[in-house]
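The values are calculated or read from the model by the stated rules, or taken from the named source; none is laboratory data. Owing to the predicted nature of the structure, the values given are computational and were not obtained by experimental measurement. Cβ: placed from backbone, ideal geometry, glycine included. Neighbour counts: every protein chain shown. The area values use the complete protein model at the heavy-atom level, side chains included, leaving out ligands, DNA and RNA. Shrake-Rupley method; radii C 1.70, N 1.55, O 1.52, S 1.80 Å.
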Amino acid sequence: QFFKDYKNKSKFPFSLWITVETRDQNENGHPTDTEATMFNNTEDSLIAQLLPRTPICYIGRTTRDGYREIMIYVADKDKTIEIVDSLISHGHFPRKVAYTIDPDPTWTNVEGFY
């Protein structure tokens, strides 16, 4: 709800969605405690890599059957692609990972979460 009327959306016009595979799951398909810790550490490290290089607005994450999705809005698309591609190529993500970065200046991609 905080982001519904967020006044600075235009400063972060690109949505970055990163999807990371869950391997170790409980019976509901959610990550085990060990897997969740790994996800949290990976996410913290990702944010630490992005913050000094491009302004970001962290939206949150979802955990679904088989994957975790990280949602961030960023100011600089090219710099973000460079950073994420480098992290992927250097094995930063210990699981299968995919990402998309799309223009979304009005943040329509997160309206379903309001």
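May I have the convex hull volume per residue, in Å³, for the Cα set of segment 8-58? Working shown, then result.
Working: hull volume 4.7 nm³, N = 51.
For segment 8-58, the hull spanned by Cα atoms encloses 92 Å³ per residue.
Using Cα centres only, tell me the gap between segment 54-72 and segment 1-48 in whole Å.
3
Keeping the other protein chains in place, figure out the carbon and sulfur percent of the accessible area of the chain, with a 1.4 Å probe.
Working: 3080 of 6410 Å².
Carbon and sulfur atoms account for 48 percent of the accessible area of the chain.
Run down the lysines and flag those whose C-alpha is under 19 Å from the C-alpha of LYS11, throwing out any fewer than 8 positions away in its chain.
LYS77, LYS79
Can you check what the net charge comes to around ILE18, using other residues whose Cβ is under 10 Å from the Cβ of ILE18 (Lys, Arg +1; Asp, Glu -1)?
With Lys, Arg at +1 and Asp, Glu at -1, the net is 0.
Express the accessible area of segment 61-114 per residue in Å², computed with a 1.4 Å probe while the remaining protein chains stay in the model. Before the final figure, lay out the partial values.
Numbers: 2930 Å² over 54 residues.
Accessible area per residue, segment 61-114: 54 Å².
Between exposed trypsin sites (Lys or Arg not before Pro) in the chain, where DSSP calls loop and at most 11 other Cβ atoms lie within 10 Å, what's the longest gap?
8-95
What is the spin-label model distance, in nm, from ASP24 to SER89 if the labels are put 7 Å beyond Cα along the C-beta direction?
3.0
Report the full-extension gain for the segment LYS79 to SER10: residue separation times 0.36 nm, less the Cα-Cα distance, to one decimal in nm.
On the way: separation 69, 0.36 × 69 = 24.84 nm, distance 1.73 nm.
Value of the extension gain: 23.1 nm.
Find the relative contact order for the chain and round it to a whole percent, using C-alpha pairs within less than 8 Å whose residues are 6+ positions apart.
Details: 167 pairs, mean separation 50.1, N = 114.
Value for the chain: 44 percent.
Which loop-located GluC sites (Glu not before Pro) does segment 8-90 contain, where loop means any DSSP state but H, G, I, E or B and the Cβ has at most 10 other Cβ atoms within 10 Å? Don't jump to the answer; show the numbers that get you there.
Working: sites: GLU21, GLU27, GLU35, GLU43, GLU69, GLU82; in loops: GLU27.
Here the sparse-neighbourhood loop sites are GLU27.
Mind jotting down the three principal axis lengths of segment 24-114 based on Cα atoms? Whole angstrom, largest first.
That gives 39, 34, 18 Å along the principal axes, largest extent first.
Are there chymotrypsin sites (Phe, Trp or Tyr not before Pro) in segment 1-94 that DSSP marks as loop and that have at most 16 other Cβ atoms within 10 Å, and which are they?
On the way: sites: PHE2, PHE3, TYR6, PHE14, TRP17, PHE39, TYR58, TYR67, TYR73; in loops: PHE2, PHE3, TYR6.
Within segment 1-94, the qualifying chymotrypsin sites (Phe, Trp or Tyr not before Pro) (loop, at most 16 other Cβ atoms within 10 Å) are PHE2, PHE3, TYR6.
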